[in-house]
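Derivation of every value follows stated rules applied to the coordinates shown; laboratory data play no part. In this text, all values refer to a predicted model and were calculated from it rather than measured experimentally. So basically every Cβ, Gly included, is an ideal-geometry build from the backbone, and we count neighbours across all protein chains shown.
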Amino acid sequence: MNILLEDVDALNAVLRVQISPEDYQANVKSALEKYRKTAKVPGFRPGMVPFGFIQKQFGKSVLAEEINKLTNDSLYKYITENKLDILGNPIPKEDSTSVGNFDKPENFEFSFEIGFAPTFDLAIAGKKFEFPKVKIDDTLINKQIEDLQRRYGKLTSVETAGDKDMILGKFEELNEDGSVKEGGISHSTTISLEFLDKKEASDLLKGKKVNDTFELNPSLVSKNDADKAAMLGLKEDQLASIGDKFQFTISDIKQMELAELNDELFGKLFMDGEVTTVEQLKTRIADDLNRMFSEDSDRILTRDVYNFLLEETKMEFPTEFLKRWIKISSDKPVTEEDIENEFDAYLKSLKWQLIQSKIFTENNLKLTNDEVIEHTKGLLIANYAQYGIPAPDDAELTESAVRLLKNKEQANGIYDRLAEQKLTTYFKSTVSLDTKEVSYDDFVAIASK
């Protein structure tokens, strides 16, 4: 067995696998002997079929199978032993002619193309990145408290619509002269003043009373065509055939009566005795917000470093090799057009994989099975807590975690989250953080970039 490496350029090479009879003859003969012992051929007792007959019947296919195995095994052994950092897998060289004849087997030679992974440097040590943190002030805390009161409050009917009330009523389609259109659209709906985007709509509805009837363009109180269609009881594609001339009659106005900040509400929100006063509630909310926004700050940093590394890290790829490899290795048929359309996104994903792998390797970052299990158990405990169910004992929890990780999609998601956590920790210890306290609205704007 002999393998020759021929460099084409810095990113491409050819591996020539040379196989001689002594490399395969013994294995081929051994395989044919097994066939002879088990083959059922009319006229011969089991195990007594002449070797020559077996060789004639199965020799060529057995040889091909053995040559293929030898070739693959030797390729990957050579790549491993010589520490060749390649992308994808070796693929048969385009426009090459293999040496050898399966009808008269002697020497064989096969040529394979390989594409080398690019070499690159990561320059983020000491690089300054903004690290926004939300300013947890009384305004934000009080808003959270009001949201809790609304969530556990109750709706009561009122006579006059206020800023955050819900108006129940009916849209009726009108003729041009303002009369109700016979056989026209008539549909009951709900309009929430709190979530109206247009000030004009809020100003029109605020102060209206039960049984008021007035002209109202449904487009004014809907977010988009889908929302407008739902308000009128239509399908979205029916909107083109109707106008905007409608009247609206209010049948009821609902106002949220906020839940009182008392022991009853505290008992619904927390474990017994955990929070008993408004001041303790404010402290607990502030702690929860700090923890939540701290995780969001980490995600923003990781996103920004990710974008920086993708933009600033220079890599050259064996593009033609990769396009051929994608086409050959794909589970389903792909066209040249498909590859061209998706190739940039593929290269971006590949680039990040190489960057992440380099960070993990150079900094000895690893995901151990124990920490994956423990992380998964933590997710399960949090899920139980969300529904107010006590977590099972550790043995059952571990069994559930192992079972969950057998789901490939679930496992990949968990591994990705753990990998991101390790990357975030690495980034925070490597780059320079320009910590800035910002308002909640500014933080949301930064996060949504």
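Annotation: average projected area of the chain is 38.2 square nanometres, based on the convex hull of Cα atoms across all directions.
Straight-line cross-link partners of LYS323 among the lysines, defined as a Cα under 18 Å from its Cα and at least 8 positions apart when in the same chain: LYS93, LYS332, LYS348, LYS351. Whole-Hz Karplus values for the range 16-21 come out as 9, 9, 10, 10, 10, x Hz, taken residue by residue from phi with 6.51 cos²θ - 1.76 cosθ + 1.60 and θ = phi - 60°; glycine and proline positions read x. Projecting the Cα atoms of LEU220, PHE195, GLN255 onto the charge dipole of the range 154-257 (Cβ charges, centred on the Cα centre) puts GLN255 farthest toward the positive pole. Using Cβ point charges alone (K and R +1, D and E -1), the dipole size of the chain about the Cα centre works out to roughly 1960 debye. Derived scalar couplings between HN and Hα for the range 226-234 equal 5, 5, 5, 4, 5, 4, 9, x, 10 Hz in order, rounded to whole Hz, by the Karplus curve 6.51 cos²θ - 1.76 cosθ + 1.60 (θ = phi - 60°), x for Gly and Pro. Sorted fewest first by neighbouring Cβ atoms within 10 angstrom, THR119, THR276 come out as THR119, THR276.
Taking only Cα atoms of the range 154-257, what ratio of Rg to Rh do you get with Rh as the Kirkwood inverse-distance radius? Taking Rh as the inverse mean 1/r over Cα pairs, Rg/Rh reads 0.96. Rounded, prolate or oblate: pick one for the range 198-266, where a ≥ b ≥ c are the square roots of the eigenvalues of its C-alpha gyration tensor, a/c under 1.5 means rounded, and failing that, prolate if a/b is larger than b/c, else oblate. Taking the square roots of the gyration eigenvalues as a ≥ b ≥ c, the range 198-266 is prolate. Any idea what angle helix 336-362 forms with the longest principal axis of the chain, computed on alpha-carbon atoms, 0 to 90 degrees, nearest 10? For helix 336-362, the angle is close to 90 degrees. Within the chain, DSSP assigns beta bridges of which about 85% are antiparallel (rounded to the nearest 5). With contacts taken as Cα pairs under 8 Å at a separation of at least 6 residues, the range 2-116 carries a relative contact order of 36 percent.
Within the range 353-396, the chymotrypsin sites (Phe, Trp or Tyr not before Pro) that combine a DSSP coil assignment with at most 11 other C-beta atoms in a 10 angstrom radius are TYR387. Per the helix-only calculation at 222 nm, which mean residue ellipticity applies to the chain, given -39500 (n - 2.57) for every DSSP H run of n ≥ 4 and division by its residues, nearest 500 deg cm²/dmol? Theoretical 222 nm ellipticity from helices: -16500 deg cm²/dmol. The GluC sites (Glu not before Pro) of the range 112-183 meeting both criteria, a DSSP state outside H, G, I, E and B (loop) and at most 14 other C-beta atoms within 10 angstrom of the site's C-beta, are GLU159, GLU176, GLU182. Listed from fewest to most Cβ neighbours within 10 Å, the set ILE355, ILE191 follows the order ILE355, ILE191. Between SER241, SER349, SER400, the residue with the greatest mean-square fluctuation in the GNM of the chain (Cα pairs under 10 Å linked by springs) is SER241. Here the Karplus curve 6.51 cos²θ - 1.76 cosθ + 1.60, taken at θ = phi - 60°, turns the phi angles of the range 28-40 into couplings of 5, 4, 5, 5, 5, 5, 5, 4, 4, 6, 10, 5, 10 Hz, with x standing for Gly and Pro. Neighbours of ALA26, meaning other residues whose beta-carbon lies under 11 angstrom from its beta-carbon, give a summed charge of -3 when Lys and Arg score +1 and Asp and Glu score -1. Answer rounded, prolate or oblate for the range 2-116, using the Cα gyration tensor with square roots of eigenvalues a ≥ b ≥ c: rounded when a/c is under 1.5, else prolate when a/b is larger than b/c, else oblate. Judged from the Cα gyration tensor, the range 2-116 comes out prolate (a/c at least 1.5, a/b above b/c). Largest mean-square fluctuation among GLN255, GLN353, GLN247, in a Gaussian network model of the chain whose springs join Cα atoms under 10 Å apart, belongs to GLN247. Database remark: amide H of VAL438 closer than 5 angstrom to the amide H of LYS133, VAL134, LYS135 (H placed geometrically; neighbours at sequence offset of 5 or more, or on other chains; Pro and chain starts carry no H). Annotation for the range 339-426: trypsin sites (Lys or Arg not before Pro) lying in DSSP loop with at most 16 further Cβ atoms inside 10 Å of their Cβ are LYS366, LYS406.
Each of LEU261, LEU281 has some number of other Cβ atoms within 10 Å of its Cβ, and from fewest to most they run LEU261, LEU281. When you restrict to C-alpha pairs under 8 Å that are six or more residues apart and normalise by the size of the range 154-257, the relative contact order lands at 44 percent.
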